[in-house]
1. In the range 166-196, what residues are surrounded by fewer than 17 Cβ atoms within 10 Å (Cβ to Cβ), in contact with a helix residue (DSSP H, G or I) (Cβ under 9 Å, 6 or more places away or on another chain) and over 18 Å from residue 462 (Cα atoms)?
2. Can you tell me which of (1) in contact with an Asp or Glu (Cβ under 7 Å, 6 or more places away or on another chain); (2) assigned to a helix (DSSP H, G or I) is the one residue 264 doesn't meet?
3. Check the range 132-143 and report whether any residue there is assigned by TED's automatic domain parsing to the domain that holds residue 39 and out of contact with any strand residue (DSSP E or B) (no Cβ under 9 Å at 6 or more places or on another chain).
4. Within the range 439-469, which residues are hydrophobic (A, V, I, L, M, F, W, C) and within 23 Å of residue 326 (Cβ to Cβ)?
5. Can you find a residue in the range 187-209 that is touching a Cys at 6+ places or on another chain (Cβ under 9 Å) and closer than 25 Å to residue 262 by Cβ?
6. When you check residue 27 against the structure, is it surrounded by fewer than 20 Cβ atoms within 10 Å (Cβ to Cβ), modelled with pLDDT under 95, of a type in the set (Val, Ile, Thr) and out of contact with any Cys (no Cβ under 6 Å at 6 or more places or on another chain), yes or no?
7. Going through the range 113-130 one residue at a time, which ones are buried (at least 20 other Cβ atoms within 10 Å of the Cβ) and hydrophobic (A, V, I, L, M, F, W, C)?
8. Among all residue pairs at least 6 apart or on different chains, which show Cβ distances below 6 Å where the first residue, located in the range 311-329, is within 20 Å of residue 296 (Cα to Cα) and not assigned by TED's automatic domain parsing to the domain that holds residue 362 and the second is modelled with pLDDT of 95 or more and part of a loop (DSSP other than H, G, I, E, B)?
Amino acid sequence: MKRIVNSLIFSLLTLLLVGCTGESKYVLQSPDGSLSVKVGQSDKGDLIYRFYAGDAMVIDSSRLGYRLKDGNEFPADGWTVTKEEKTSRDGEWHPVWGKRSVVPDKYNQLTLLLENKDSQSGINKLTVEFRLYDDGLAFRYLIPEGVDEAAECELTQYNYVADPTAWFYNGENANYGPVKLSEVDAVRPSNVTLQVAGDLFLNVHEACLTEGDPLRLASHKGEHTLSVASSPGVFGQLKGGFTSAWRVVMAGKTPGALVDSHLLELLNPDPDPEMDFSWVKPSVAVWDWRIDGAEWDGFTYSMSYPSWIKMVDFAAEQGFKYLVLDANWYGPEFESDSHPVEGDKAKDVQNLIAYGKEKGVGIWLYLNDVGGRKYPIEQTLKQYGDWGAAGVKYGFMRGSQEEKNLWTQKITRLCAENHLLVDYHDGPVHPYGQMRTWPNAVTREFCHAQLDAHRVFTPTTFCTTVFVNMVAGPIDMNNGMFDLRQGNTTRVDENQLVPSTLVSEAARTLIVFSGATILPDIPEYYKKYPALLDFLSAQKMPWKESRTLAGEIGAYIVMMRETDDAILVAAATNESGRIIDLPLSFLLEDSYDVQIMEDGDDAHYLTNRETLKISQKKVTKSDTLKLKLAPGGGACLLFRKK
């Protein structure tokens, strides 16, 4: 409390000073008035912004602009605002698929044109756009035509009034944090979730990265600040017509509000009106990678045609729309002579696609970057489309992050032209809201897939990742393993213990937002638990509504998602067991039948994973349910109208 009071006093004193320097000349508020940004120039001419939640300043005077290789910085001394324009939007976005079927698209925008007629560099104009939504701030830079200057860095800062607690995305490792921002001295990849007060959470990321270096953020020990550390412009050049990615600060009273936000997508443009995306159908999918070597009743699963047929049949029975074929179907994935169209099992795959069409199940095809680059990618993806494949899982993309972003965009566009969904794995470029422009980009491994990550993947990891990585967009985590036996199994790729419970595994499939929820286990293990299998089969996307009902970063999360005929709720906890009181006020009507799947009384994520109890109740939206979650466990609830 003392820190908050001191911060408010500091904010008031700063505002008094601002009145003298003119820094807050331009003021913009969010449509509901809960957020505001004040923009102006310092006495030195630097362009400065401040960000407020209510009356409290959250981000103090923070600089905007660029530094060129010749040392010139702009906007700075000699630069003035020559034009101010305010606009607003009050509309709706109807996504092809997403967290909900209707998304409010409301914002207020401030556009400033700055000029320096006496500039000694090759840039004498700059446009900066600010947008305020009810759930966050965004701003970006527009470089005028005729410019071609070598740039040294972007000057964008986020100077926090208080010292926030931070959780950083950390590649294929456990998230970095919780840690006080002032204790961090590093450059880290975007994104980061911050708690700046008991009822205020932020996430710093970017949106609409059409070209340029994906966002990296620098922090310095002893300071409450982040700054942009990624290379400015396009491969270090500021060229005429360049538009930076939106720099985004999401804001919410709870961490779940960040999870539920559509801000990143809203900052991307709608699809080309000439492109039809009605064929994009998100769904649960089965997968051939983790089943390899699994034995059941005399049959040994492998990544081959007989097993694929069994998986297609199971998917068809349950209403799952896809089977994902992983690496090596066309030959060893890292060998340059493995031909992605003519190699190894190509004929089997074509036959499988035809069989899948009869059953209503689409087939995804894996493509490694080695084959994707050696052979003409346009021809490869066209051939997959001509075969009738449903999607492409692209793995191990090489190059700098800037190069990977351009290659990702090219593949996404080619996939769209050939009616192919796409999933990027193995260190992909972070999501930045592109699913609005390219709805076929349904997911990516912006995390470490659960079963690859035994060295880091714990219940706490899961309960952190969903509040950090998943804020950036849909992620492919491969949850839902039901074979949790003690000791090694017969599987080739996955024979280690899974640090989770049966119910938690089912719950995580709903909690994780993805346009392709990819299940890792064999049909027989799902059929062992009919109630949980019904819960998986009830996940009929696209979602009509999604809402994070409760949660604390690193501790637990409760997620609700609505379909045309059911409401599903899932909860997962960290290594601590807990009891959750769940008010049912989210229900749409007065009376429902609910099936409740909970961990068994003696369940534990390390010692007794495959145990559960099931109950049925009649409930109304005025009721409250009490859910008991085992250590590392979860709960699944399936509501249907009476």
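1. Passing the criteria: none in range.
2. If we test residue 264 against (1) in contact with an Asp or Glu (Cβ under 7 Å, 6 or more places away or on another chain); (2) assigned to a helix (DSSP H, G or I), just (1) comes out false.
3. Within the range 132-143, not a single residue is assigned by TED's automatic domain parsing to the domain that holds residue 39 and out of contact with any strand residue (DSSP E or B) (no Cβ under 9 Å at 6 or more places or on another chain).
4. 441, 442, 446, 447, 449, 451, 453, 456, 457, 462
5. First, pick out the residues of the range 187-209 that are touching a Cys at 6+ places or on another chain (Cβ under 9 Å): none.
No: the range 187-209 contains no residue that is touching a Cys at 6+ places or on another chain (Cβ under 9 Å) and closer than 25 Å to residue 262 by Cβ.
6. Against the criterion (surrounded by fewer than 20 Cβ atoms within 10 Å (Cβ to Cβ), modelled with pLDDT under 95, of a type in the set (Val, Ile, Thr) and out of contact with any Cys (no Cβ under 6 Å at 6 or more places or on another chain)), residue 27 does not qualify.
7. Of everything in the range 113-130, those that are buried (at least 20 other Cβ atoms within 10 Å of the Cβ) and hydrophobic (A, V, I, L, M, F, W, C) turn out to be 114, 123, 126, 128, 130.
8. none
The values are calculated or read from the model by the stated rules, or taken from the named source; none is laboratory data. Since the structure is predicted, the reported quantities are computational estimates derived from the model, not experimental observations. A quick note on method: Cβ atoms are made from the backbone with ideal geometry, for glycine too, and the neighbour counts reach across all protein chains shown.
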